[in-house]
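The block underneath contains the structure these notes are about, expressed in structure tokens.
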């Protein structure tokens, strides 16, 4: 009994000494190798504890390696392992010493296990993107300033570059969610996503393409290309543009860049996007059936013809619907496989 009490006392004493030591340890800059996400991480008394701390700081959950880099000289990087961590920890106790930055290289399944190129630069130095909000159906814009949204936007820009992946426009760019950032958890799970704000759920689009994507007027299927809703392909103003885009492939990262290529949306994400696109088509049809009369200018719909004649037209075309002549002909031409 006395032996157990002594052992317990020694254990508490050891833990107290470790806490005192950790309280005097410094924090170091930790960055992701493949993106602009960075944070400060507290040094720990053991490499195992610091390894967990570093990965959590930059939101890496898979297998990874730590590297020490001084003055951005990535070619002279040194792995930080359990073998040399004690020396690194001793060096950190000299407050006059500038510690190297710690980079976390995530080892994606099926890719290289160590970096083949330099760390990704901070995307803010590459391009400035306008911060427009996105509604479920392309609603009013609002600023998105949360750190989560900023990380998502930076990662998508880093992968896709400063251009729309559909029309190649290089201005008024936004990071668009394939599965809405306000989607239910069940919809995220169906797409194989833990969160909507990950690069595997995003693509870089210009504002016009983004708004129509969020309105479910088009989507992308890797096997069929761009799918265009009949409501858009038969529109008098934009139809000729979108008929030409039907079946087109999106601009993707170079397959040789395995890190960026691994960020590209997976098949399950595209499939979930197509399913939502088709569901929206059914919803639009249901609305037409319930409100068959529409203003020819603003497209606002009513149950009765008198509603059209009495309403004050705002001359804003905020919704598109498949023309009745197209629907009556059997659902319309299957433009890009996305017919309504």
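Derivation of every value follows stated rules applied to the coordinates shown; laboratory data play no part. All values reported here derive from a predicted model rather than from experimental measurement. In this analysis, Cβ positions are derived from the backbone assuming ideal geometry, glycine residues included, and neighbour counts consider all displayed protein chains.
A compact table of results
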| read-out | value |
| --- | --- |
| Region 22-106, Rg to Rh (Cα coordinates; Rh as Kirkwood inverse mean 1/r) | 0.92 |
| Long-range tail of P(r) for region 143-259 (Cα pairs > 24 Å, %) | 27 |
| Ranked packing of 200-213, 253-266, most packed first, by mean Cβ within 10 Å | 200-213, 253-266 |
| Label-point separation, residue 186 to residue 312 (7 Å along Cα→Cβ), nm | 4.2 |
| Stretchable slack from residue 167 to residue 42, in nm (0.36 nm times residue separation minus alpha-carbon distance) | 40.5 nm |
| Efficiency of FRET between residue 275 and residue 10 - r from beta-carbon atoms, R0 51 angstrom, step 0.05 | 0.25 |
